[in-house]
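Structure record follows, encoded as structure tokens.
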Amino acid sequence: MRIQNVLFVLPGMLGIVAPAGAELKVSPLFSDGMVIQREVDAPVWGEAEPGEAITVCGSWGKEAETTADDKGRWSVRLTTPEAGGPFEITVSGTTTIEIRDVLAGDVWLCAGQSNMAGNVGKREEAKEDNYPGIRHFTSAAATRRGKPKAAGATRWIATTPQTVQGFTATGYFFGRHLHQELEVPIGLIKAAVGGSLIEPWTPPGTYDGAQGSLYDKHISLLIPFAIKGAIWYQGEANSRSEALAASYAAHLQGMITAWRKNWGQGDFPFYYVQLPSIGSPDRVYFQVREAMRRSLGSLPNLGMSVNIDIDEGLHPKSKHIMGPRLALLVLRDVYGKDLVACGPLLKAVNIDGGRAVCTFTETGSGLVCRGERLAHFEIAGNDGEFVPAEATIEGNTVSVSSDKVPEPKSVRYAWENNPHNVTLFNREGLPASPFRWGE
């Protein structure tokens, strides 16, 4: 960014209240190398002296004007171009700020806990990546449980073999897949803190227990920056107890609703990672997975990638698989691509004599068994005691039964923290989600 007349931008200062006599400033989100959301009226904001006339001009031929209020705050909406660039944005008052190398594309928020915070590092899958059209921004100083961990760069960084090592791994492999398929610039904003519960990410007052500390430190400081949507990888921390897991669906839905309301750009797409297979006997990962599954359909523009076939512990290395699975959903649902985007999801269960017949959506070109037989299906009768069951594929259904349960009342699949070698997939190779149905 070229700064004229000894002009500067305070790093990390996203929420702005200007003191009297303040010089012209703009949010650090608007800096050299940024990605601005394409084809929208994008908010641009900053501070100046109270009453100062401000003009924001894009080199693509659009501009907006305003006057700083009595506290020195100003904001405009700048109409952005189709995907492309590089462009320049000029912010003018009594002084001028020039923001260079601006790309117009799609901006995605990448939020959650450690599996979103975790970096690409020296992974083989990205070691030679050089994508000028994929840019990464860290929301604030990297933190862990509220304590500073590293300085963190509040600036946009383009993808090179060196810089990509510091990008969110899940977010990067998601964004790379979008970039390759859509051929438009992609901006990734990381807002993730290891070990965090969902409650601190939720604005205070959304529900009982919504703490808001991480929302205030990370998310609120990004609002109202125009985004295409958000991806979310969290839930491990809420698997610490049955009480936390029991409230997860309501808290996830509450958080999403509050974010959308506060952002003020409608029901933007929100896609999340269902937890993979994790071996830990003192946690209830399977209950959080079910909360995630049951949240589907509760809100518009919502999606979940299934990862139960990834069995690599708490911090799986296969982010190069998990990120693109999110991207498949987004490519289909948001961008209208004709493709199979998800593994089988339970639609309904019908009791037919001694059988529980499970019907699925997202079957693609058909259900398949990976293994000698379908495993991890269990069934229960009136006593509620689950026993291993025989399961067979019949078209787009799975028939589940056991001689020990003549009158089934409940059925479940992969209902454990760490189900090894899951077997139910669609022909496109995407795994079926775990589920529980019944009394």
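What follows is calculated from the coordinates using simple rules that are stated; it is not laboratory data. Note that this is a predicted model, so its numbers are computed, not measured. When we count neighbours, we look across all protein chains shown, and the Cβ atoms used for this are built from the backbone with ideal geometry, even at glycine.
Tabulate in residue order the Karplus-calculated ³J(HN,Hα) for the stretch 28-38, using 6.51 cos²θ - 1.76 cosθ + 1.60 with θ = phi - 60°, rounded to whole Hz; enter x for Gly and Pro.
Karplus-based 3J(HN,Hα) across the stretch 28-38 equals x, 4, 9, 8, 3, x, 6, 10, 9, 4, 6 Hz.
Pairing the Cα long axis of helix 248-263 with the longest principal axis of the chain, what angle in degrees results, from 0 to 90 and rounded to the nearest 10?
Here the helix axis deviates by roughly 20 degrees.
When DSSP beta bridges are limited to those with both residues in the chain, what percentage is antiparallel, rounded to the nearest 5?
70
Who wins for biggest fluctuation among Ala348, Ala111, Ala391 in a Gaussian network model of the chain, springs between alpha carbons below 10 Å?
In this elastic network of the chain, the residue with the biggest mean-square fluctuation among Ala348, Ala111, Ala391 is Ala348.
Of Asn350, Asn130, Asn262, which is the most mobile in a GNM of the chain whose springs link Cα atoms less than 10 angstrom apart?
Maximum among the listed residues: Asn350.
Counting other Cβ atoms within 10 Å, keep those with at most 15, restrict to DSSP loop, and tell me which trypsin sites (Lys or Arg not before Pro) in the stretch 306-356 are left.
Lys317, Lys337
With the chain treated as a Gaussian network of Cα nodes joined by springs under 10 Å, which of Ala22, Ala158, Ala83 yields the largest mean-square fluctuation?
Ala22
Using alpha carbons only, how many degrees (0 to 90, rounded to 10) separate the axis of helix 285-295 from the longest principal axis of the chain?
Approximately 70 degrees, to the nearest ten.
Run the reach check for Lys127 against lysines, Cα to Cα strictly under 29 Å, same-chain hits fewer than 8 apart removed. What comes back?
Lys149, Lys190, Lys228, Lys317, Lys319, Lys337
Short version: ³J(HN,Hα) in whole Hz for each residue of the stretch 48-56, in order, from phi by Karplus 6.51 cos²θ - 1.76 cosθ + 1.60 (θ = phi - 60°), x for Gly and Pro, what are they?
Per-residue couplings from phi come out as 7, 6, x, x, 6, 6, 10, 10, 10 Hz.
Using a ≥ b ≥ c from the Cα gyration tensor of the stretch 104-333 (square roots of the eigenvalues), is it rounded, prolate or oblate, where a/c under 1.5 gives rounded and otherwise the larger of a/b and b/c decides, a/b for prolate?
Rounded is the answer for the stretch 104-333, as its axis ratio a/c remains below 1.5.
With only alpha-carbon atoms counted, please give the Rg and Dmax of the chain, in Å.
That works out to 23.9, 83 Å for Rg and Dmax.
Looking at the square roots a ≥ b ≥ c of the eigenvalues of the Cα gyration tensor of the stretch 311-374, which shape do they give, rounded for a/c under 1.5, prolate if a/b is larger than b/c, or oblate?
Oblate, because a/c is 1.5 or more while a/b does not exceed b/c.
Hey, got a sec? Which GluC sites (Glu not before Pro) in the stretch 236-345 land in a DSSP loop and have at most 16 other Cβ atoms within 10 Å?
Within the stretch 236-345, the qualifying GluC sites (Glu not before Pro) (loop, at most 16 other Cβ atoms within 10 Å) are Glu312.
Can you tell me the relative contact order of the chain? Whole percent, Cα pairs under 8 Å, sequence separation 6 or more.
12
Compare the Cα positions of Leu178, Gly84, Gly166 along the charge dipole of the stretch 83-233 (+1 at Cβ of Lys, Arg; -1 at Cβ of Asp, Glu; about the Cα centre) and return the one farthest towards the positive end.
Of the candidates, Gly166 comes out farthest on the positive side.
Angle between the Cα long axis of helix 319-333 and the longest principal axis of the chain, 0 to 90 degrees, nearest 10?
80
Could you name the lysines in cross-link range of Lys25, using Cα to Cα under 19 Å and dropping any fewer than eight places away on the same chain?
Within the straight-line cut-off, Lys25 pairs with Lys71.
List the residues whose amide H sits under 5 Å from the amide H of Ala42, counting only those 5 or more places along or on another chain, with H placed 1.01 Å from N in the peptide plane.
Under 5 Å from the amide H of Ala42 lie the amide H atoms of Leu78, Thr79, Thr80, each far enough along the sequence or on another chain.
What residues qualify as long-range amide H neighbours of Ile278, i.e. H under 5 Å apart, gap of 5 or more or another chain, H built at 1.01 Å from N?
Here the answer is Asn418, since their amide H atoms fall under 5 Å of that of Ile278.
Residue by residue through the stretch 113-130, what is 3J(HN,Hα) from phi via Karplus (6.51 cos²θ - 1.76 cosθ + 1.60, θ = phi - 60°)? Round to whole Hz and write x for glycine and proline.
10, 4, 6, 9, 6, x, 7, 4, x, 9, 4, 4, 5, 9, 5, 10, 6, 9
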